[in-house]
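The values are calculated or read from the model by the stated rules, or taken from the named source; none is laboratory data. Small disclaimer: the values here were computed from a predicted structure and weren't measured. Because the Cβ atoms are built from the backbone with ideal geometry, glycine has one as well, and the counts that use them run over all protein chains shown. Areas reflect the complete protein model, heavy atoms only, side chains present, ligands, DNA and RNA absent. Shrake-Rupley method; radii C 1.70, N 1.55, O 1.52, S 1.80 Å.
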Amino acid sequence: MPQEIANASESESRGVMRRVFLAGRREAIAAFALGAVSVAGFAPLYLFPLPLITLALLMSLWRRAESPKRAAILGWWFGLGYFLTGVSWVYVSLHTFGAMPAPLAAFFTLVFCAFLALFPAITGYCFAAVRVPLWIKLTVIAPAAWTLTEWTRGWIFTGFPWLALGYSQVPSSPLAGFAPVLGVYGVTLVTVLVAGLLVLLADELSRQRQTNGHRKARLVLALLAVGLAGYAFKQIPWTTPVGEPLTVALLQGNIPQDIKWTAEGLRTTLGRYRDLTLASSAKLIVLPETALPLFLRDVPPEYLAELSQHARANGGDI
């Protein structure tokens, strides 16, 4: 009899562990999907409400996490989906333009995105680890931690500010109005704050009791206040034109990478950018980075003289 009880207990324990594992796997998949979908808030789709919703759902996963470690794991999965979707151009840069073999390019892109995903993971850990009421977690801890980690990502190891959350609200969202006042990280802060308020409002709306009408009204008013403040800021002309408009030309020679660094490609590059420049009457002519695949000391002096003469004739700069 004791052996049967022990076997039953062991079987029940395995069943619980299996359910926990499956639930954890579903949450990880959900977090990954939320991160991937969030990228649609950026150009070229500009679906700015999406990041507000996905962040709110991510914070709902964080609040149900059984430990800070679990919240960090969910944050990491969200970040992996977010960056793999939004930074996939790194693979193109490594493979198509850098001639790295496809498996290696895919591997290093995955490693890079896995590193970037650590920043949302840190936010998730902070969210779950700090022992404060839920409303403070959602309106103070999460916005502050997300903004701080995003700012850190913008400078650590020379920085990679790509996909800063605040950019998802530009140009159409009312929250974009905070950009001239608070900068992009300020818009990130407000975006996460709105997501937290949405979680609180959803909580109140899901309650069966009807005694929280005042709390619901306060949350709606808070959301309206943030949105209206951003909209009001958007109506302010923060800059004033001075003098006559400046004509600008952006030149793109579109030189294939596989010939750019060859002797024949060098002649093609120099000739194409010379012709494009001389054909422009703009006062400010801008060429891409590494447009000329030479050190300045190696550029033919007569080439530079010709460009300088054209700039002076236009009364401008190249």
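Residues being within 21 Å of residue 243 (Cβ to Cβ) and surrounded by fewer than 16 Cβ atoms within 10 Å (Cβ to Cβ): count how many of those fall in segment 280-310.
3
Which one of the conditions (1) over 29 Å from residue 120 (Cβ atoms); (2) modelled with pLDDT of 95 or more; (3) open to solvent by less than 60 Å² (accessible area, probe 1.4 Å); (4) not charged (D, E, K, R) does residue 221 fail to meet, given that it meets all the rest?
Of the numbered conditions (1) over 29 Å from residue 120 (Cβ atoms); (2) modelled with pLDDT of 95 or more; (3) open to solvent by less than 60 Å² (accessible area, probe 1.4 Å); (4) not charged (D, E, K, R), the odd one out for residue 221 is (3).
Would you point out the residue of segment 232-257, among those that are at pLDDT 95 or above and surrounded by 15 or more Cβ atoms within 10 Å (Cβ to Cβ), that is nearest to residue 282 (Cα to Cα)?
Checking each candidate, the answer is 249.
Name the residue, out of 121, 117, 105, that is touching a His at 6+ places or on another chain (Cβ under 9 Å), open to solvent by less than 50 Å² (accessible area, probe 1.4 Å) and either within 20 Å of residue 74 (Cα to Cα) or at pLDDT 95 or above (or both).
Selected residue: 105, the only one of 121, 117, 105 that is touching a His at 6+ places or on another chain (Cβ under 9 Å), open to solvent by less than 50 Å² (accessible area, probe 1.4 Å) and either within 20 Å of residue 74 (Cα to Cα) or at pLDDT 95 or above (or both).
Residues that are under 16 Å from residue 53 (Cβ atoms), among the β-branched types (Val, Ile, Thr) and touching a residue at least 60 places away in the same chain (Cβ under 8 Å): does segment 193-202 have at least one?
yes
Exactly one condition in (1) touching a residue at least 24 places away in the same chain (Cβ under 8 Å); (2) under 30 Å from residue 187 (Cα atoms) is false for residue 281; which is it?
(2)
Residues checked against (1) part of a loop (DSSP other than H, G, I, E, B); (2) in contact (Cβ under 8 Å) with a residue 12 or more places away in the chain; (3) in contact with a Gly (Cβ under 8 Å, 6 or more places away or on another chain):
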position	(1), (2), (3)
220	no, yes, no
224	no, no, no
238	yes, yes, no
242	yes, no, no
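Criterion first (more than 21 Å from residue 36 (Cβ to Cβ) and surrounded by fewer than 22 Cβ atoms within 10 Å (Cβ to Cβ)) does residue 138 satisfy it?
Judged against the criteria, residue 138 is not a match.
Among helices (runs of 4 or more DSSP H) lying entirely in segment 88-145, which contain 2 or more residues that are of a type outside the set (A, V, I, L, M) and out of contact with any Ser or Thr (no Cβ under 6 Å at 6 or more places or on another chain)?
102-116, 118-129
Within segment 278-308, can you find the residues that are among the hydrophobic types (A, V, I, L, M, F, W, C) and part of a helix (DSSP H, G or I)?
278, 296, 304, 305, 307
Do we have any residue at all in segment 82-94 that's within 20 Å of the chain's Cα centre (by Cα) and farther than 30 Å from residue 258 by Cα?
Yes, segment 82-94 has at least one match.
Residue 176: out of contact with any Pro (no Cβ under 8 Å at 6 or more places or on another chain), farther than 27 Å from residue 63 by Cβ and either of a type in the set (Ser, Thr, Tyr) or assigned to a helix (DSSP H, G or I) (or both), yes or no?
Judged against the criteria, residue 176 is a match.
Does any residue of segment 260-271 turn out to be part of a loop (DSSP other than H, G, I, E, B) and open to solvent by 50 Å² or more (accessible area, probe 1.4 Å)?
yes
Here is a list: 249, 311. Which entry is outside any loop (DSSP other than H, G, I, E, B), under 33 Å from the mean Cα position of the chain (by Cα) and free of Cβ contacts under 8 Å to residues at least 40 places away in the same chain?
Among 249, 311, only 249 is outside any loop (DSSP other than H, G, I, E, B), under 33 Å from the mean Cα position of the chain (by Cα) and free of Cβ contacts under 8 Å to residues at least 40 places away in the same chain.
Of the residues 189, 148, 163, 200, which is hydrophobic (A, V, I, L, M, F, W, C), outside any helix (DSSP H, G or I) and either in contact with a helix residue (DSSP H, G or I) (Cβ under 7 Å, 6 or more places away or on another chain) or open to solvent by 30 Å² or more (accessible area, probe 1.4 Å) (or both)?
Result of the check over 189, 148, 163, 200: 163.
Have a look at 71, 117, 128 and point out the one that is within 14 Å of the chain's Cα centre (by Cα) and within 29 Å of residue 199 (Cβ to Cβ).
It is 117.
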